[in-house]
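Visitor: Below are the structure tokens for one structure; questions will follow.
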Amino acid sequence: MFSLDKRLIALAMFTAVVSATVTSALMTGGIVRDSSHFSWYAARASGMVAYLLATMSVLFGLATSTQLGQRMLGKANVADVHRVLSLLTLFAIGGHTMFLALDQYASFGLSDLLIPFITWYRPVWTGFGILAAYLTFALYLSFGIRSIIGYRAWRAFHYAAFAVFALGTMHGLFAGTDTSAAWALAIYVSAAVAVSCMLAYRILRWIRLVDLQSGDQNAVAPSRRLSRAVSMGGPKFSRR
């Protein structure tokens, strides 16, 4: 239902990379700079959109292995939505980076936007955002190599999505200029609560499944002993 053609994804990724490269080259050479406020507002808006998309991606990722997700759309469709949201998050991050590069007032250099912890503006919190962007890109690429590295390794690496969410939240809270606004703070708090509740639900469900499996094994053990005794001819009684 939500599956995307691989050629379409490749074309979109190629277009995004070429656009980012051209924009970065023009920005570095000082050829293109936006002296209006459009780039600044667009950078803030695309950053918030990227955060919301990343939050939804994490939530749908958690829902893939729960009955809640299966009831909503079906397990396969929830996984497809999760993957599409990851791709959209990458595009939003690319837009956020591009508009920051174009903004004349901020005057971010290419290294400020690509290398963590070296920028002049709140280097630690900005660096967290850059790390989150790289992790998001790596997580999306991992979908394509899942069959190569194996499901267990892929799933273990996929837990890095929680690091993306945590880093993105800290980046938005401490590097974003809208944090003091009530609406922005409400978004960050709501996202953190939603992810925490979904994670708690998944953990509790896992604990319940483990308890049920342990109970089934304990219940099966006596019946196995009985069937083994029957197969051996039943209990032996000595004659007197």
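Visitor: Looking only at segment 91-143, count how many residues are under 16 Å from A163 (Cβ atoms) and surrounded by 20 or more Cβ atoms within 10 Å (Cβ to Cβ).
Guide: Looking only at that region, the number is 8.
Visitor: Starting from residues that are part of a helix (DSSP H, G or I) and acidic (D, E), keep the ones in segment 78-116 and report whichever is farthest from L131 (Cα to Cα).
Guide: Among those that are part of a helix (DSSP H, G or I) and acidic (D, E), it is D80.
For every residue, the table says whether it meets (1) modelled with pLDDT of 75 or more; (2) in a helix (DSSP H, G or I); (3) loosely packed, with under 12 Cβ neighbours inside 10 Å; (4) among the β-branched types (V, I, T).
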{"position": "S3", "(1), (2), (3), (4)": "no, no, yes, no"}
{"position": "R7", "(1), (2), (3), (4)": "no, yes, yes, no"}
{"position": "A12", "(1), (2), (3), (4)": "no, yes, no, no"}
{"position": "A16", "(1), (2), (3), (4)": "no, yes, no, no"}
{"position": "W40", "(1), (2), (3), (4)": "yes, yes, no, no"}
{"position": "F60", "(1), (2), (3), (4)": "yes, yes, no, no"}
{"position": "Q70", "(1), (2), (3), (4)": "no, yes, no, no"}
{"position": "A76", "(1), (2), (3), (4)": "yes, yes, no, no"}
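Visitor: A follow-up question, please. How many residues does segment 116-142 contain that are out of contact with any Ser or Thr (no Cβ under 8 Å at 6 or more places or on another chain) and closer than 20 Å to F60 by Cα?
Guide: 6
Visitor: Does segment 117-130 hold any residues that are part of a helix (DSSP H, G or I) and hydroxyl-bearing (S, T, Y), and which are they?
Guide: Listed by number, the list holds a single entry, T126.
Visitor: A further question follows. Any residue in segment 61-76 that is farther than 19 Å from L87 by Cα sitting within a Cβ distance under 8 Å of a residue that is modelled with pLDDT under 70? List the pairs, counting only those 6 or more apart or interchain.
Guide: Note: pairs meeting the criteria are L73/M1.
Visitor: Could you pull out the residue among S65, S86 that is among the polar types (S, T, N, Q) and either touching a Phe, Trp or Tyr at 6+ places or on another chain (Cβ under 7 Å) or within 19 Å of T169 (Cβ to Cβ) (or both)?
Guide: S86
Visitor: Which one of these does D178 not meet: (1) modelled with pLDDT of 80 or more; (2) surrounded by 10 or more Cβ atoms within 10 Å (Cβ to Cβ); (3) in a helix (DSSP H, G or I)?
Guide: (3)
Visitor: To continue, here is another question. Looking only at segment 38-76, count every residue that is more than 28 Å from T179 (Cα to Cα) and touching a Gly at 6+ places or on another chain (Cβ under 9 Å) and tell me the total.
Guide: Total meeting the criteria: 2.
Visitor: Of the residues that sit in segment 78-90 and are closer than 12 Å to F60 by Cβ and touching a residue at least 60 places away in the same chain (Cβ under 8 Å), which one is surrounded by the most Cβ atoms within 10 Å (Cβ to Cβ)?
Guide: V81
Visitor: Restricting to segment 153-190, name every residue that is within 14 Å of the chain's Cα centre (by Cα) and either over 25 Å from L113 (Cα atoms) or without any contact (Cβ under 8 Å) to a residue 60 or more places away in the chain (or both).
Guide: Of everything in segment 153-190, those that are within 14 Å of the chain's Cα centre (by Cα) and either over 25 Å from L113 (Cα atoms) or without any contact (Cβ under 8 Å) to a residue 60 or more places away in the chain (or both) turn out to be W154, R155, A156, F157, Y159, A160, A163, A166, L167.
The values are calculated or read from the model by the stated rules, or taken from the named source; none is laboratory data. All values derive from a computational prediction rather than experimental measurement. Cβ coordinates were reconstructed from backbone atoms using ideal geometry, including for glycine residues, and neighbour counts include every protein chain displayed.
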